[in-house]
Amino acid sequence: MIPATTGREALLAAQSCSDVELVFATSTVSEPNVGVLAQALRSDARTGDVPLLIGADAQEDASAANVLAGREKNVMILPTPRELDAATWAIQKLNDAAGVAPVPVEDRLVQGRAAARALLQLLKTRPAIYELNDVNDLIRRLLASPALFDEGLEFAATVKTPYAQQALVDLAGDKRFGVDVRNRAVDAFERQLADNGSLLRGPEIKAMYDRYNASEKEDDQTQRVLSRLLDVYENATKR
């Protein structure tokens with residue numbers, strides 16, 4: 001999901017995503033309004049068939065939206081969904097009307113993993129090709145997805161940004177993950193430091209040591225992971 005606050009942001013997000021399956025906008029969206037947004041989506045080959053769901057909070061909003069966008073194909077105006085069941089119903093109703101067959105989740109995961117691996121190869125050979133903020137956001141998204149976590153860990157181990165190193169440090173210290181995952185984060189951190197050196201700042205380094213010092217009453221596995229994290233850092237940065 002790619003959030004947007006204006007019509008222009010929604011349009012640019014849709015045009016920049018190679019596999020966008022649905023665009024959702026409220027009837028009050030501005031800059032441009034939903035009518036212009038619908039026309040712009042339809043006039044672009046990349047988004048010409050993308051279903052557009054317009055949520056309206058009042059009857060007058062729905063009427064205005066119909067005037068602006070109702071004649072565009074694959075457009076539906078419905079009450080703005082406020083909960084998961086309503087959103088699921090609205091999306092299914094739109095897909096049924098548009099005759100769209102969503103790509104199976106399993107296929108999308110295969111495609112996502114392949115795309116992540118290809119992008120990582122590009123970043124290895126041409127590291128300046130993407131904005132660092134975009135790469136950092138991708139690392140965050142991949143690590144937050146259980147299905148794409150392995151790809152996220154590989155990105156964080158490889159990409160030369162302070163965010164990647166900090167993400168691995170945070171992951172190693174996060175007790176919500178099993179000790180095996182946390183040790184994999186330490187392994188990735190070791191690779192990061194070996195390839196790129198330390199990019200962490202003073203406060204972040206201090207926080208790493210403080211986290212270990214505060215773990216004396218925690219379980220042995222946690223203490224060992226945090227101790228190993230410090231050993232990896234110190235071995236990589238000793239002069």
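From the set of residues in region 6-38 that are surrounded by fewer than 16 Cβ atoms within 10 Å (Cβ to Cβ) and of a type in the set (A, V, I, L, M, F, W, C), which is farthest from the chain's Cα centre (by Cα)? Among residues in region 6-38 that are surrounded by fewer than 16 Cβ atoms within 10 Å (Cβ to Cβ) and of a type in the set (A, V, I, L, M, F, W, C), the one farthest from the chain's Cα centre (by Cα) is Leu12.
Pairing residues of region 204-233 that are not assigned by TED's automatic domain parsing to the domain that holds Tyr163 and exposed (fewer than 15 other Cβ atoms within 10 Å of the Cβ) with residues that are in a helix (DSSP H, G or I) and at pLDDT 95 or above, at Cβ distances under 7 Å and at least 6 apart in sequence or on separate chains, gives no pairs at all.
The condition of being modelled with pLDDT of 80 or more, surrounded by fewer than 16 Cβ atoms within 10 Å (Cβ to Cβ) and farther than 30 Å from Ala164 by Cβ does not hold for Gln59. Evaluation of Thr5 against the conditions (1) in contact with a strand residue (DSSP E or B) (Cβ under 9 Å, 6 or more places away or on another chain); (2) at pLDDT below 80 shows that the sole unmet condition is (1). Any residue at all in region 182-198 that is surrounded by fewer than 15 Cβ atoms within 10 Å (Cβ to Cβ), farther than 20 Å from Arg117 by Cβ and of a type in the set (A, V, I, L, M)? Looking for residues that are surrounded by fewer than 15 Cβ atoms within 10 Å (Cβ to Cβ), farther than 20 Å from Arg117 by Cβ and of a type in the set (A, V, I, L, M), one finds at least one in region 182-198, hence yes. Might you let me know whether region 185-205 holds any residue that is more than 29 Å from Arg126 (Cβ to Cβ), part of a helix (DSSP H, G or I) and of a type outside the set (A, V, I, L, M, F, W, C)? Yes, region 185-205 contains a residue that is more than 29 Å from Arg126 (Cβ to Cβ), part of a helix (DSSP H, G or I) and of a type outside the set (A, V, I, L, M, F, W, C).
Out of Leu22, Leu53, one residue alone is touching a residue at least 40 places away in the same chain (Cβ under 8 Å), under 24 Å from Ser145 (Cα atoms) and not aromatic (Phe, Trp, Tyr). It is Leu22.
The values are calculated or read from the model by the stated rules, or taken from the named source; none is laboratory data. Everything quoted here is computed from the prediction, not taken from an experiment. Because the Cβ atoms are built from the backbone with ideal geometry, glycine has one as well, and the counts that use them run over all protein chains shown.
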